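Have a look at the structure below, then the notes.
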Amino acid sequence: MYLTIVVNVASMFAMIAGVLLHSGQGGGLSDMLGGASGAALGSAAAEKNLNRITAVLATIWLFTVIALAFLLAS
């Protein structure tokens, strides 16, 4: 159970960081990496990878929440 809690908290903080790195109205990750020069160096690939990583972290978090619900119910 403790391992599940550690994985849950770690994935939660990593997912928060991933969501904050996403682009909103501005450029997000590409603006952090140098503005227009970052956009010319392939920030679309970085955003795509960031989307995938965030989705995987959200899935891990969801499964650990469900696992904790079952572990704490018994």
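The numbers here are math on the coordinates, done by the rules we state, and not lab data. Remember, it's a predicted structure, so these values are computed and weren't measured experimentally. Neighbour counts run over all protein chains shown; Cβ positions are idealised from the backbone, glycine included.
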Label-to-label distance, nm, for residues given as Val6 and Thr59 (7 Å Cα→Cβ offset):
2.4
Per-pair calculated FRET efficiency, R0 = 22 Å: Ile16 and Arg52 via Cβ, rounded to 0.05:
0.85
